[in-house]
1. In sequence order, what are the phi-derived ³J(HN,Hα) couplings for region 316-330 according to the Karplus relation 6.51 cos²θ - 1.76 cosθ + 1.60 with θ = phi - 60°, rounded to whole Hz, with x for glycine and proline?
2. For region 185-242 and region 316-336, write down the distance between their C-alpha centroids in whole Å.
3. Can you give me the Kirkwood hydrodynamic radius for region 94-310, using every pair of distinct Cα atoms, in Å to one decimal?
4. Identify all aspartates and glutamates with a Cα-Cα distance to Lys8 below 18 Å; exclude those on the same chain that are fewer than 8 residues away in sequence.
5. Compute, for region 94-310, the length of the dipole vector about the Cα centre, with Cβ point charges of +1 (Lys, Arg) and -1 (Asp, Glu) only. Units Debye, rounded to 20.
6. For the pair Leu446 and Ser30, what calculated FRET efficiency results from E = 1/(1 + (r/R0)^6), where r is the Cβ-Cβ distance and R0 = 41 Å, to the nearest 0.05?
7. Taking Cα atoms, how many degrees apart are the long axis of helix 150-167 and the longest axis of the chain, rounded to 10 and kept between 0 and 90?
8. Pop out the ³J(HN,Hα) list for region 5-10 in order, Karplus 6.51 cos²θ - 1.76 cosθ + 1.60 with θ = phi - 60°, rounded to Hz; leave Gly and Pro as x.
Amino acid sequence: MKLSALQKKVVRSGISFFAAILVYLVLPESMPPEAKKMLAGLVCTSGLWIFEVFPLYVTSLLVVVVAPFLAFDLGELAQKPELLNTFFSPLSNPVIILFLGGFMMARALSAHRVDQFIASTVISTIAPRPAILLATVMVITAGLSMWLSNTATTVMMLAVVGPIIYQIKSDNPFRKALALSVPFAASIGGMGTPVGTPPNAIAVGLLGQSGVHLSFFQWMEGGVPLVLGISVVTFFILIRLFPSTESRFLFEFKQSERLSRPGKIALGIISGGVLLWLTTPLHHLSESWVALLCGTTLLVTGIISLKDIRELEWHIILLMWGGLALGQGMEVSGMSAWVASQAIFQSSPAVLIATFAFISTGLSTVMNDTATANLVLPIALGVPCSHAALLAFVTAVSSSIALSLPISCAPNALLFSLNIVRGREFFKAGILVTLAATAMIIGGALLAL
């Protein structure tokens with residue numbers, strides 16, 4: 001019998017709640033009661049996120065609402081009702097402000113077609129040879145994804161590259177390499193900056209809550225070399241799996257639009273913001289303040305408007321809020337300390353780094369990367385490790401390179417919906433890139449120890 005959508009939702013919710021109750025009952029008596037409740041809540045949240053019973057941001061809001069009753073003793077809550085407000089503070093976390101400013105900057109670029117102007121101008125001027133074309137598309141996509149969301153970058157780049165793909169003969173395997181390069185490079189590029197993808201921002205936010213400051217520039221010191229290295233490996237994998245049967249193409253390009261005056265102003269303001277981010281060690285201005293300054297300037301100058309503000313990705317803000325609240329709940333309930341005291345986590349930094357890299361990659365293969373980061377990062381940061389920032393960095397970026405399935409991330413799903421690449425081909429290329437990227441992340445982290 002085929003279940004209706006509502007019946008599936010009820011069944012999946014039931015599985016999540018049953019699993020949480022079961023975990024609560026089997027946990028040892030030595031574990032603090034609030035920590036037991038919080039771990040059971042984490043299991044239930046995991047189920048709701050994995051099964052996507054509700055939209056991801058709805059589950060995040062449920063975390064904020066329910067967390068006080070899990071993390072604190074009910075008698076203490078009755079005497080101090082102000083504890084209910086404990087989990088509101090993550091919404092004002094500097095990393096949330098950083099992302100809000102980043103979203104306004106990204107909106108300005110897309111609203112005035114600055115991103116499309118850059119992409120189409122560069123692509124239309126390159127030599128139409130397979131290797132050069134593939135490398136150019138990957139560089140532009142990864143570069144834009146460092147500042148825009150990987151989903152928005154994929155949508156824009158598929159619109160730019162799509163006409164080129166369809167001009168390549170259907171029996172030429174290279175058209176699949178070119179198509180796959182867009183979502184792959186978008187996911188890889190997001191690792192380069194704290195604003196490139198939500199898992200990065202969640203890592204920075206949770207580190208900040210634990211008293212460890214990781215600056216924008218420090219993140220890029222680790223992220224950009226990874227983006228470059230993994231992009232090069234991905235390039236050779238795609239070229240090898242899908243070699244071109246033509247050495248040169250003849251494309252017809254539409255004439256690129258000229259950049260509008262608002263577009264030029266937006267580009268100037270955002271370039272100034274990026275420059276301030278990159279020179280933080282010189283002036284010590286907060287990256288979040290710089291992002292908000294750029295967003296405010298874009299509003300004051302009329303480059304973006306109320307309409308643009310309404311179209312920001314507010315659901316990502318809510319999703320990140322839930323993740324930060326979950327981490328805070330695990331801390332105040334004593335769950336993080338209890339988990340960290342277990343023998344399995346009393347390992348060397350090298351073992352911990354490899355373990356959390358594989359956990360993060362594995363989970364994000366079958367569930368949303370931000371949900372994965374929300375679940376895994378608080379646990380990783382609760383583990384006693386002398387290299388907490390490095391462990392958080394590895395865990396965050398590992399959630400962005402699960403590329404083997406069309407459902408693994410939104411960019412993959414966007415390309416798969418175009419019916420250019422079959423599932424088997426997606427898996428063959430994606431699993432090779434995922435394994436190579438995981439190895440490079442772990443290897444780079446071990447060298448940094």
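Just so you know, all these numbers are worked out from the coordinates, no wet-lab data involved. Keep in mind that this is a model prediction, so the values were computed, not measured. Don't worry about glycine lacking a Cβ; one is built from the backbone with ideal geometry, like all the others, and counts go over all protein chains shown.
1. These are the phi-based 3J(HN,Hα) values: 5, 4, 5, 5, 5, 4, x, x, 5, 5, 4, x, 5, x, 5 Hz.
2. The distance from the Cα centre of region 185-242 to that of region 316-336 comes to 22 Å.
3. Numbers: mean 1/r = 0.0549 Å⁻¹.
Its Kirkwood hydrodynamic radius stands at 18.2 Å.
4. List returned: Glu52.
5. Working: 14 positive and 8 negative charges, 103 e Å.
Dipole size: approximately 500 debye.
6. Details: r = 34 Å, r/R0 = 0.83.
That gives a FRET efficiency of 0.75.
7. For 150-167 against the chain, the angle is about 30 degrees.
8. 4, 5, 5, 4, 5, 5
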